[in-house]
Ligand SMILES: Cc1cc2nc3c(=O)[nH]c(=O)nc-3n(C[C@H](O)[C@H](O)[C@H](O)COP(=O)(O)O)c2cc1C
């Protein structure tokens, strides 16, 4: 696939075929993704590729603890509820997804079911838990670097026919992830990426999220000189 085709074609995938993802293919995708730039080429990231019983245990533990009201224990700083324009954009993608899935805004039961799917990493056959070296945890640069590798990862996966969703919801309960994925104590859990073969008949997979127009995002300085 050409670069433009990958970048404009990629979208988050939230419904997967149960088929396994071969290790060699994950290796190929990781080799591409880790060409991502990083601060001073420090490459602080680790990608823990989890499947099978370990992933099922994470799904179960994450769901049970969230339903029991255990407060989220993310290992990077997170914000509270989005407000203003950010809240509007959040509502925008939620509306697109719910419309595709035929979930009415007021249908609490089906909305809750959607949240539970997120806790289960959308039942993807693979989850890639992204961590970085704890020695770098006092600043935001390592997280910036992890963002670069994650973006490259989802695009590389797409170029090979695989779908992904970056899934903060799937690792809200860090101790569960630590235990079942065997994350070493000297690493910080940043996020996870659910990955698998896109299910053809899952309506939300067709949703193309909107983007702010270029002229709203960009500002040119000095061009008129
Ligand atoms: C840091 C981060 C966390 C995310 N967490 C979730 C999540 O928990 N659940 C989910 O359904 N999507 C999650 N997403 C996916 C975004 O909703 C998605 O990327 C965005 O709506 C744009 O859609 P697109 O990926 O289809 O272009 C996350 C994305 C990022 C970058």
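What follows draws every value from the coordinates through simple rules; no lab data is involved. Worth saying up front: this structure is predicted, and the values here are computed from it rather than measured. Cβ placement follows ideal geometry from the backbone for every residue including glycine, while neighbour counts extend to all protein chains displayed.
Here are a few things to note about the model shown:
- Taking the average, over residues, of other Cβ atoms within 10 Å as the packing measure, peptides 82-88, 92-98 rank 92-98, 82-88 from highest down.
- Inter-part distance where the range 65-109 and the range 183-208 are each reduced to a Cα centre, Å: 16 Å
- Per-peptide packing, taken as the mean over residues of other Cβ atoms within 10 Å, places 129-142, 65-78, 182-195, 28-41 in the sequence 182-195, 129-142, 28-41, 65-78 from highest down.
- Cα-based convex hull, the chain, per residue volume (Å³, whole number): 163 Å³
- Spin-label model, residue 208/residue 95: points 7 Å from Cα along the beta carbon direction are separated by 1.9 nm.
- An oblate overall shape is assigned to the range 94-225, the ratio a/c of its alpha-carbon gyration tensor axes (a ≥ b ≥ c) being 1.5 or greater and a/b not exceeding b/c.
- For the pair residue 141 and residue 34, a Förster radius of 22 Å applied to the C-beta separation gives a FRET efficiency near 0.85, rounded to the nearest 0.05.
- Cβ-derived FRET efficiency at R0 41 Å, residue 77 paired with residue 4, nearest 0.05: 0.75
- Efficiency of FRET from Cβ geometry, residue 220 and residue 113, R₀ 41 Å, rounded to 0.05: 0.35
- Global form of the range 1-105, assessed from the alpha-carbon gyration tensor, a/c cut-off 1.5: rounded
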